[in-house]
Structure formats: structure tokens, C-alpha cells
Amino acid sequence: MSAKSLILRPVSSKVANECVKRIHYSGKVVQNSQMHIGVFWSGKMEGAMSFGPPLDKRKTAGLVRGSRWQHFCELNRMAFSDRLPRNSESRALGVAFRLLRRHKPALKWVVSFADATQCGDGTIYRASGFVLTGIKANKQNVRLPTGETVHLMNLKTARPTPVQSRLRTSLGMPSGSAGGLARAAGAVPWAGHQFRYVRFLDPTWRERLTVPVIPFSDIPEAARMYLGKPMRQPIKDPSSHDGKGGEDPTLALHSSQAALDE
């Protein structure tokens with residue numbers, strides 16, 4: 001059975017979050033996600049996509065001129081089981097975007113981020129019609145002595161996240177900076193790169209993009225990683241991708257190491 005056999009339909013946040021916690025490499029959900037789409041194959045839910053507002057809406061809005069809150073969203077989480085067939089991610093994204101255009105006509109574009117340190121550099125997005133608009137060294141991820149990865153934003157929020165509350169309680173630090181908390185917890189930086197991708201649901205809005213589009217061929221070799229390991233395959237011409245499943249296999253966003261061994 002091919003990726004064309006997938007069935008997508010809306011699911012509750014509870015159902016989607018259970019899937020994300022079970023499959024996604026981080027094991028974590030984004031609490032402010034508002035739209036959830038389940039991916040079903042052979043009668044079982046084998047994936048989920050969650051959409052919602054970006055963490056910094058005002059800054060993100062500036063990427064596309066004239067954008068208001070209702071015009072964009074972020075693909076917060078995309079978690080796919082390794083049981084799904086090849087190219088399931090790009091196929092599911094294509095269907096999801098058609099659903100969004102139909103049921104959320106005010107939406108004009110979607111932003112998403114690829115973390116090459118913990119997952120990959122965006123092979124799926126490049127196969128699904130996204131444009132690359134940013135590459136930056138990721139200085140926000142730290143690793144605790146337990147092996148847990150934490151984004152510093154989770155230590156900065158005024159309303160403590162579960163990991164912040166746990167650390168502050170265990171270390172006896174009811175207040176203080178995120179950096180101080182990270183140092184006290186023995187956290188160390190986890191170097192890597194973060195990629196920002198934009199997908200236009202309304203193609204006419206692409207001309208409003210306020211930042212340059214980065215050619216995929218310009219991705220530095222040192223930044224091309226999957227689960228913290230260098231990628232061996234060169235980037236192929238993206239013109240061969242139509243957003244319905246490219247000729248290259250797309251790597252699922254799950255915790256399995258199998259894709260590294262292919």
C-alpha cells in the first residue's frame with residue numbers, strides 16, 4: 001500500500017497529543033496548538049499534525065507583509081509512525097494544506113521549523129513546497145545530566161512550564177534567570193542549526209515575503225544533520241518535488257534510528 005492510501009481527518013487535542021507523546025522525537029506537545037489532523041493507515045491512527053499560533057506571533061507576522069493573526073499559523077508538531085509507507089509525510093502535508101484552504105480560507109501561509117540537532121534539516125518540507133527562509137545556529141537547546149533536552153524558552157516563561165517547575169523545586173530556586181537555572185541544573189549547550197520554512201497556501205502572497213528565499217543548494221554542509229548526525233546524501237534538485245511525495249524518501253519525525261542506517 002502506498003502513501004495514497006492514507007486517510008486524514010480532524011481529531012481532538014487529546015487524541016493528537018497522545019500520538020505526539022508516543023511518536024515524536026521530543027515526546028512533548030505544544031500546549032497552544034488549536035487544529036489537529038490525524039493520519040490513519042490500515043484502520044489505525046499512525047500520525048498527527050498539530051497547528052497553532054507561533055510562540056512569537058508579532059515577530060513571525062513580519063515575515064510576510066500585511067499579515068494579521070488570522071492569516072498564518074505554525075505547524076507546531078508533526079509526528080509519524082515508522083509503520084507508514086514511504087513519502088507519507090509529504091503526501092499528508094499536501095492533503096492537510098488542501099483541508100486548511102477549504103475550511104480556513106483566511107489562512108494564507110504556514111511556518112514551520114526544522115531542528116537538525118534533534119531531528120532533521122527539513123527534507124520533508126523541501127519535498128512539500130515550502131521555501132527556506134532562515135538558517136541559524138541553535139543556541140537555545142540544552143541537555144540536562146539526565147539526557148533530557150530542554151529549550152531555554154521553557155525556563156524563561158513567567159508561567160512556569162512543567163520542566164521549569166520541576167527544576168526550580170528540586171534546586172530550591174523559586175526565582176532567577178533561565179541561564180542561572182540551566183547552570184544550576186548542570187545543563188550543557190547542544191549545538192546545531194534550526195531551519196525556518198514557509199509554505200504559502202495562497203501563492204499570491206509569496207510576493208509579500210519580506211526575507212530572502214534561501215536556495216536549498218546553499219544549505220551549509222555542516223548544518224545538514226539528522227538526529228545530530230551528518231547527512232550523507234546530497235540535496236537533489238527540488239524542482240522534481242510536487243508536494244505530493246517527492247522522489248526522495250522523506251524521513252519520518254519519530255525516534256527510530258532506522259532511517260540513519262538506510
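The single residue among Ala158, Ala127 that is among the small types (Gly, Ala, Ser) and touching a Gly at 6+ places or on another chain (Cβ under 8 Å) turns out to be Ala127. Which residues, taken from the range 101-137, are part of a helix (DSSP H, G or I) and surrounded by fewer than 19 Cβ atoms within 10 Å (Cβ to Cβ)? Correct list: Arg101, Arg102, His103.
Does Ser5 meet the test of being of a type in the set (Ser, Thr, Tyr), within 28 Å of Thr117 (Cα to Cα) and either free of Cβ contacts under 8 Å to residues at least 24 places away in the same chain or open to solvent by less than 60 Å² (accessible area, probe 1.4 Å) (or both)? The answer is no for Ser5. Under 23 Å from Tyr197 (Cα atoms) and either modelled with pLDDT of 90 or more or surrounded by fewer than 18 Cβ atoms within 10 Å (Cβ to Cβ) (or both): does that describe Arg83? Considered against the rule, which asks whether it is under 23 Å from Tyr197 (Cα atoms) and either modelled with pLDDT of 90 or more or surrounded by fewer than 18 Cβ atoms within 10 Å (Cβ to Cβ) (or both), Arg83 comes out as no. Here His254 fulfils each of the conditions (1) touching an Asp or Glu at 6+ places or on another chain (Cβ under 7 Å); (2) open to solvent by 60 Å² or more (accessible area, probe 1.4 Å); (3) at pLDDT below 50 apart from (2).
Cβ separations smaller than 8 Å between residues 6+ apart or across chains give the following pairs from the range 32-59 residues that are over 15 Å from Val111 (Cβ atoms) to residues that are part of a loop (DSSP other than H, G, I, E, B) and open to solvent by 70 Å² or more (accessible area, probe 1.4 Å): Trp41/Met1; Trp41/Arg83; Ser42/Met1; Glu46/Arg83.
Checked against the criterion of being among the acidic types (Asp, Glu) and modelled with pLDDT of 90 or more, the range 37-52 has at least one qualifying residue.
The values are calculated or read from the model by the stated rules, or taken from the named source; none is laboratory data. Keep in mind it's a predicted model, so treat the numbers as computed, not measured. All Cβ positions, even for glycine, are placed from backbone atoms using ideal geometry, and neighbour counts span all protein chains on display. Remember, those area values only see protein heavy atoms, side chains included, never the ligands or the DNA or RNA. Shrake-Rupley method; radii C 1.70, N 1.55, O 1.52, S 1.80 Å.
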